[in-house]
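For reference, the structure discussed in these notes is given below.
What follows is calculated from the coordinates using simple rules that are stated; it is not laboratory data. Values in this document were obtained by computation on a predicted structure and should not be read as measured data. All Cβ positions, glycine included, derive from the backbone under ideal geometry; neighbour counts span all protein chains shown.
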Amino acid sequence: MLLKILNALITVGVGVGAAVILYWLLNKLAEVLPGRWEDRLKPYFYILPAYAALVFYLVYPAVQTVVYSFANAQSTAWVGLDNYTRLLQSSSFQDTLFNTLLWMAVVPAMTVVLGLAMAVLADRLNPTWENTSKTIIFLPMAISFVGAGTVWGLIYNYRPEGREQIGLQNAIITALGFDPVAWLQVSDFRLNSFFLMMMLLWAQTGFSMVLLSAAVKGVPEDTLEAARIDGANERAIFFQVVVPQIWGSVITVYVTTLIGVMKIFDIVYVMTNGGANTNVIGNEFFNQLFTNFNNGAAAAIVVLLMLATIPIMVYQVRNFRREESMA
Amino acid sequence: MTSTQTTMGAATPTTKTRKRQPSREGQPQKAGWFARIVVFILCFLWIVPVIGLFLTSFRPRDDANESGWWTLFWTPSAWSRMSFDNYETAIDQGGLGQAFVNSLAITLPATFIPILVAAFAAYAFAFMEFPGRNFLFLAVVSLLVVPNYIAFVPILRIYGDLQIAGTFPAVWLAHIGFGMSLAIYILRNYMATLPRSVIESAKIDGASHFQTFFRLVLPMSLPALAAFAIFQFLWVWNDLLVALIFVGPGDNAPITVALRNNLMGQAGSGQHLITAGGFLSMVLPIAVFLVMQRFFVRGLTAGAVKG
């Protein structure tokens, strides 16, 4: 045990030390070159190691994944579009896609709304209460989704009728005289998916609140004052003066949460493993890879996910360029 | 260095340049009852599940599995039965002690090694002119949103060929690769806000890029380094998917995997052990988070998006 920690600490030391030596060597290498080449090549030497990591862990695998998606389960023979057609035609994968879209439709929007509500309302409390309440809402960000699973297990726990309920939600409704419900098994109206979404909302709202709170505090006082002098009520001021000025941050929160939701895995894996029609593509990917040992299907799912992120990527890049040109 | 002190305090890098007006202190609208009640209800809903977990984790097996934790509030006698027994069982029999150590062994190198590598690249992007700079940085920006799922199938295959699947280096390197774009992005954005005059004058004094980086830029970028370190720490510690794929269950499994496989996945383990394990898994990240919250918020507002 102690050995492992020691080993980790040594790795940190050796890893950082090796990086220093590597850059020192790269730097020396640039310096022995004739003057003109030194200045020309040095920047590339500085970014080379970082780019090597990016290329090996993201760029090359992306290409390779596309290739695998046209091959069979063991990646030994080409199968053309079979992986895609089989996936898209199977009704269980269609349900999986639908669930994922449902998560994408609900969670980012709710995250923005709840985060904005907290940001605006906590802003009006005195500083002590503002900080305390924000810390409470923010805290779940530090908790893993597995940890969140242990927390929410106590909310959704189900015991058959007649036994004492230890899940909070069932305790409340049995106290009100209803029968206990196995919440995560109720797939009518995808109710169980919504219960899982609650967990992500619980974890993500703090992030939304922090970003939007910074934006709301940055709204210039004189614009609010001007609206007040014009006789606008608080609601009009909020929607017509505050919201347009924080719109950039709203979009940032929305996009970030959207990306997170598209690749959601842990919550579903830990709580239901996709059972009772709660499957999402992250979990389906994992099951194809590790339960079915089907590299082809797993790769095809990733390619679909990648295609879905391209519009977001384009948006990110354009947004970044616009902000850079303004700066 | 005194001239740089002020910039170190100022947080948000250029990408988020919003006109910093005087903040709205001395609100005209004071907190009404509505605001107070809504905030109170939200905070209550957010914290109650955690309190439930915390209390349950100390209750003996029969209490925890046959009565709700809230019954503690009207059965004072149950408090006296609470103990650390669940934690002992979870750590020894549940294997969470070993897993906690594994998590540390995975997280520390995966957090600290990428920092210097990313900082050098960020320095080049922020302070050096070279053909292709914009294009290469835009590539980093677009890689931010690429889901790491794309890496799993091919990398797993390579790890299989190299026979390093299931080892610590396998997962260190993966996390370093996945965290790199975010690290470059945060650090470069921060470095772009550092006063250029300081770097220019260092150059005039004859300092090389190498010296400027280590003596000036790296120390001045400390807030951004800390912001990324916290991000990466929380991300790696709380990660389940990368660990399942590249380490899997067994002797090297981190706490998320062990908690899922040894306790939550076993029908017999019961809420008393699951909650104790759950709390063990969140103690360290919560502590780091509470202590370093300021830096973490700074990282968030630096426009951190991770794919």
Within 10 Å of the Cβ of an average residue in A:314-323, the count of other chain Cβ atoms is 4
Qualifying GluC sites (Glu not before Pro) for the stretch A:114-178 [loop in DSSP, other Cβ within 10 Å: at most 14]: A:E161, A:E164
What net charge do the residues around A:V146 carry, taking every other residue with its C-beta under 13 Å from that of A:V146, with Lys and Arg at +1 and Asp and Glu at -1? -1
3J(HN,Hα) from dihedral phi, the stretch A:112-118, Karplus parametrisation 6.51/-1.76/1.60, rounded to Hz, x for glycine, proline: 5, 5, 5, x, 5, 4, 4
Let a ≥ b ≥ c be the square roots of the eigenvalues of the Cα gyration tensor of the stretch A:2-68; is it rounded (a/c under 1.5), or, if not, prolate (a/b larger than b/c) or oblate? oblate
Could you give the angle, 0 to 90 degrees to the nearest 10, between helix B:33-56's Cα long axis and the longest principal axis of the Cα atoms of chain B? 60
Shielding of B:39-48 by other chains, given as the mean Cβ count within 10 Å, works out to 6
Would you mind listing how long the stretch B:84-301 runs along its three principal axes, going by Cα atoms, in whole Å with the largest first? 69, 41, 25
Rounded to 10°, Cα long-axis angle of helix B:270-301 versus longest principal axis of chain B: 20
Report the local net charge at A:A298: Lys and Arg +1, Asp and Glu -1, summed over other residues whose C-beta lies under 12 Å from its C-beta. 0
Residues whose built amide H sits under 5 Å from the amide H of A:A71, excluding neighbours closer than 5 in sequence, are A:V79
Where the centre of each part is set by its Cα atoms, how far does the stretch A:272-296 sit from the stretch A:33-95, in angstrom? 22
Which of A:V107, A:V151, A:V210 ends up with the largest GNM mean-square fluctuation for chain A, with Cα atoms connected below 10 Å? A:V151
Within a 10 angstrom radius of each residue's Cβ in B:179-188, how many Cβ atoms of other chains show up on average? Whole number is fine. 2
Under Karplus coefficients 6.51, -1.76 and 1.60, residue-wise ³J(HN,Hα) of the stretch A:272-285 in Hz, glycine/proline x: 9, 6, x, x, 6, 6, 10, 4, 10, 5, x, 5, 5, 4
Longest chain B segment clear of trypsin sites (Lys or Arg not before Pro) sitting in DSSP loops (not H, G, I, E or B) with at most 13 other Cβ atoms within 10 Å runs B:31-307
So, in the protein assembly as shown, how many Lys pairs have Cα atoms under 27 Å apart, if the pair is 8 or more places apart or on different chains? 18
Would you please give the residues with an amide H less than 5 Å from that of B:M82, counting only those at least 5 places away or on a separate chain, with H modeled from the backbone geometry? none
Using only helices, what value at 222 nm comes out for chain B when you add -39,500 (n - 2.57) per DSSP H run of length 4 or more and divide by the total residues, to the nearest 500 deg cm²/dmol? -21000 deg cm²/dmol
What do you get for the angle between helix B:222-238 and the principal long axis of chain B? Use alpha-carbon atoms, 0 to 90 degrees, nearest ten. 30
Sort the protein assembly as shown into rounded, prolate or oblate with this rule: let a ≥ b ≥ c be the square roots of the eigenvalues of the Cα gyration tensor; rounded if a/c is under 1.5, and if a/c is not under 1.5, prolate when a/b is larger than b/c, oblate otherwise. oblate
What is the diffusion coefficient of chain A in µm²/s, taking the Kirkwood radius over Cα pairs and the Stokes-Einstein relation at 4 °C with a viscosity of 1.567 mPa s? 53
How big is the gap, in Å, between the Cα center of the stretch B:149-180 and the Cα center of the stretch B:61-110? 32
Shape call for the stretch B:70-170, from the Cα gyration tensor axes a ≥ b ≥ c (a/c under 1.5 means rounded, otherwise prolate when a/b beats b/c, else oblate), comes out prolate
